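Below is one structure, written out as structure tokens; the observations come after it.
Each reported figure results from applying straightforward, stated rules to the coordinates on display, with no laboratory input. What you see is a predicted model; the values in this text were computed from it and never measured. Because the Cβ atoms are built from the backbone with ideal geometry, glycine has one as well, and the counts that use them run over all protein chains shown.
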Amino acid sequence: MILGLFLPTQSGGWSASAAPRSTSWEFDYNAALALRAEELGFDLVFGLSEWVRAGGYGGKIRFREDSIDPFMAVTALAALTKRLLLLSTIHILYGPWHPMHLARFAATADHISKGRFGINVVTGFSPTEPLMFGMRRQEHDLRYEMADEFMSIAKQLWQSEHNFTYEGQFWRLEDAFVRPKPRYGRPILASATGSPAGFSYAARHSDLVFITSPAGANVQRAIEALPAHTAKLKAESQSFGRNIRTIINPMIVCRPTEVEARAYYDEIVRLADMEAAVGYANHFKSGDTKAWTNHVPRERILGGNVHLIGSPEQVADWLIALNKAGCDGMQISFYDFRDDLEFFGKSVLPLLHQAGVR
Ligand SMILES: Cc1cc2nc3c(=O)[nH]c(=O)nc-3n(C[C@H](O)[C@H](O)[C@H](O)COP(=O)(O)O)c2cc1C
């Protein structure tokens, strides 16, 4: 089981609640989390990318108004960590962002991290984010065609020992060249999808695919729905002679007993910032994402994808069941990242070791 930590590089992390917690978007906080995750034996850390307007997604907490750039943040983490894979989300279609930029920036991050850098390629589901760049969002499937050409060019640039000239549908290059080359040929490539066009892009380009439960946040329903979902994605990648690995994003609320975990969850919900939760839900509704659509605003208070609320034994059992349902990896989030990661390391990780999945 691949184990990753979702870094809270944005204010409020995943949760639209004012219940007290340490979670912070600041780099030092995220760096301390990454170092602790590395000590605990995690495989990767991940930063999401959003372009959020003044006031964030709303509410008193101004949900996610502060948001540090994940590419720069994980590149800085490259100099601090030794073993973790560092994954950054990048909106490759925003602005005048050319495959040359990505090829050189990623080769540089790969060099600093000694081959531990990866890119989560996203095409931008939001109608408002592209406006910040003076652009309009392109149609859903066309964006994946653009991403396909963009990443095919970037791969050529990482590979080619000669100048490279290319006239594509969306980008052109003349005598282009990038060196140093990434240490292992190219960075790890990831994408996040639930749609046929996204599956088809992932099957051709991605090593890792972030998936969402097609059945919403309830873990039992997720465990039932995921085998067919993950099998379809894996079969599609195999038709291209590739083996994709899938990662899901559980939000973990864990305490020594189920009753205590429920009480912790109830407190998060009691102190919900509903304006922020609804603002965030509306942001998804206004987008054309096919994933996350089965989440209701109440589930957005805690946030994340599948909710695991229970004792260490229950959480470990659910993680193992998700793994058996075809999720090769778990990229986990918490409400109070620092303290909850500590509790997870002390109470849940040993159970995963005992079960032989870690
Ligand atoms: C774990 C995970 C992380 C994601 N991170 C981002 C992100 O940082 N920025 C973003 O614009 N979209 C992000 N997305 C949304 C995806 O880019 C995409 O819109 C979504 O998965 C739906 O894809 P589809 O339309 O191909 O189904 C993320 C999705 C998942 C599952």
Any idea which of ALA79, ALA32, ALA103 is surrounded by 18 or more Cβ atoms within 10 Å (Cβ to Cβ) and among the small types (Gly, Ala, Ser)? ALA103
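Residues to consider are ALA197, ALA222, ALA215, ALA202; find the one that is closer than 30 Å to ASP340 by Cα, assigned to a helix (DSSP H, G or I) and in contact (Cβ under 8 Å) with a residue 40 or more places away in the chain.
Details: ALA197 fails: closer than 30 Å to ASP340 by Cα; ALA215 fails: assigned to a helix (DSSP H, G or I); ALA202 fails: closer than 30 Å to ASP340 by Cα.
None of the other options fit; the residue is ALA222.
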Might you let me know whether the stretch 244-253 holds any residue that is over 26 Å from SER88 (Cα atoms), within 16 Å of the ligand (Cβ to nearest atom) and either under 18 Å from the mean Cα position of the chain (by Cα) or surrounded by fewer than 22 Cβ atoms within 10 Å (Cβ to Cβ) (or both)? no
All conditions in (1) surrounded by 22 or more Cβ atoms within 10 Å (Cβ to Cβ); (2) polar (S, T, N, Q); (3) away from the ligand (no atom under 15 Å from the Cβ) are true of SER333 except (3)
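When the stretch 238-270 is examined, which residues are found to be part of a loop (DSSP other than H, G, I, E, B) and of a type in the set (S, T, N, Q)?
SER239, ASN243, ASN249, THR257
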Of the residues in the stretch 36-74, those that are among the hydroxyl-bearing types (Ser, Thr, Tyr) and away from the ligand (no atom under 16 Å from the Cβ) number 0
Scan the stretch 111-124 and report the pairs whose first residue is of a type in the set (Lys, Arg) and whose second residue is in a helix (DSSP H, G or I), with Cβ atoms within less than 7 Å and a gap of 6+ or a chain change. ARG116/ALA78
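So if I check each of ARG358, ARG338, ARG298, which one is basic (Lys, Arg) and assigned to a loop (DSSP other than H, G, I, E, B)?
Details: ARG338 fails: assigned to a loop (DSSP other than H, G, I, E, B); ARG298 fails: assigned to a loop (DSSP other than H, G, I, E, B).
Sole residue among the options that is basic (Lys, Arg) and assigned to a loop (DSSP other than H, G, I, E, B): ARG358.
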Is there a residue in the stretch 94-102 that is within 16 Å of the ligand (Cβ to nearest atom), in contact with a helix residue (DSSP H, G or I) (Cβ under 8 Å, 6 or more places away or on another chain) and of a type in the set (Gly, Ala, Ser)? no
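Could we say that ARG338 is surrounded by 21 or more Cβ atoms within 10 Å (Cβ to Cβ), basic (Lys, Arg) and in contact with a helix residue (DSSP H, G or I) (Cβ under 8 Å, 6 or more places away or on another chain) here?
Working: surrounded by 21 or more Cβ atoms within 10 Å (Cβ to Cβ): no; basic (Lys, Arg): yes; in contact with a helix residue (DSSP H, G or I) (Cβ under 8 Å, 6 or more places away or on another chain): yes.
Criteria not met by ARG338.
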If you scan the stretch 116-151, which residues turn out to be exposed (fewer than 15 other Cβ atoms within 10 Å of the Cβ) and either among the polar types (S, T, N, Q) or within 30 Å of ARG83 (Cα to Cα) (or both)? THR128
With criteria (1) over 22 Å from ASN30 (Cα atoms); (2) crowded, with 20+ Cβ neighbours inside 10 Å; (3) touching a Ser or Thr at 6+ places or on another chain (Cβ under 8 Å), ARG53 comes up short on (2)
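Identify all residues within the stretch 128-143 that are touching an Asp or Glu at 6+ places or on another chain (Cβ under 8 Å) and either under 8 Å from TYR94 (Cβ atoms) or not basic (Lys, Arg) (or both); write none if there are none.
Pass one, the stretch 128-143, residues touching an Asp or Glu at 6+ places or on another chain (Cβ under 8 Å): 129, 137, 140.
GLU129, HIS140 - these are the residues of the stretch 128-143 that are touching an Asp or Glu at 6+ places or on another chain (Cβ under 8 Å) and either under 8 Å from TYR94 (Cβ atoms) or not basic (Lys, Arg) (or both).
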